[in-house]
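Below: one structure, written as C-alpha cells.
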C-alpha cells in the first residue's frame, strides 16, 4: 500500500464521522484522498444519500446566508435604533425618578432609583430577545437574527450582544467591516437585517 494512502487511512480512522462527512461535502480532495475517504465512510455505514443530504443542507444554509446579507439594515437605522433605545430609556427613567423624588420620602426615592438602574441594565442586555427587536429596532423595522439560521435573536444571544456592547466605541468600530457586524454581532453570530423583508 502506498505510504500516503496508509497515512490517509490512519488519519481518517481517527476523525469523527461528522467531520468526515463535512470534508467529503467540501470537496477539493486528491483522487486518492477521496477514494480513502469514501471507503472509510462506507466502513462506518455512511451512505451516499446521507452525504448528499448534508450537501443539500449546506447549500440551503448558504442560500439563506446570501438572502440575509442582501437585506442588511442600513447603518443609519441601526445607529438611530441604538440612540432611541439608550436615550429614550434614560429620558423616561429621569422623568419617572424626578417625579418619585419630588413626591416621595428620600428612602423610597433612593430605592426607586436603584430599581430604575436595574431595569435600565436589564433592558440594555435583553432588549433584542423578543423577536430580535428592542423598541428602537421595532420602530425602525429592523431586527437581530442568527447569521446562519435567520431566526430572531433570543434572550441568551441578546445578553451576549449586550455584554460585548459594553465595549462601546470599540464594539461599534467593527460595524465598518464585512456584513456590517459589530464585534458583538461577530461574537454572537448575528446580523441586523430589515425586518419587513423577512416577515
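What follows draws every value from the coordinates through simple rules; no lab data is involved. Just so we're clear, the structure is a prediction, and the values are computed from it rather than from any experiment. Quick reminder, even Gly has a Cβ in these numbers, built from the backbone with ideal geometry, and neighbours come from all protein chains shown.
A few points about this structure:
- Approximating the spin labels as points 7 Å out from Cα along Cα→Cβ, the residue 151-to-residue 118 distance works out to 3.1 nm.
- Zone of residue 31's modelled label, taken as backbone nitrogen in segment 1-25 under 19 Å from a point 7 Å along Cα→Cβ: 1-9
- Each of 19, 12 has some number of other Cβ atoms within 10 Å of its Cβ, and from fewest to most they run 19, 12.
- Taking the inverse of the mean reciprocal distance over all distinct Cα pairs, the Kirkwood hydrodynamic radius of the chain comes to 20.4 Å.
- Order of 2, 171, 110 - criterion: other Cβ atoms within 10 Å of each residue's Cβ, fewest first: 2, 110, 171
- Where labels lie 7 Å past Cα in the beta-carbon direction, separation of residue 169 and residue 189 in nm: 3.2
- Shown for 118, 158, 147: other C-beta atoms within 10 Å of each C-beta, ranked fewest to most, produce the order 118, 147, 158.
- A crude spin-label estimate for the pair residue 4 and residue 47, with each label 7 Å from Cα along the Cβ direction, gives 3.3 nm.
- Separation of segment 121-147 from segment 3-48 is 43 Å, based on Cα centroids.
- Average Cα contact separation per residue, the chain, under 8 Å, 6 or more apart, as relative contact order %: 19
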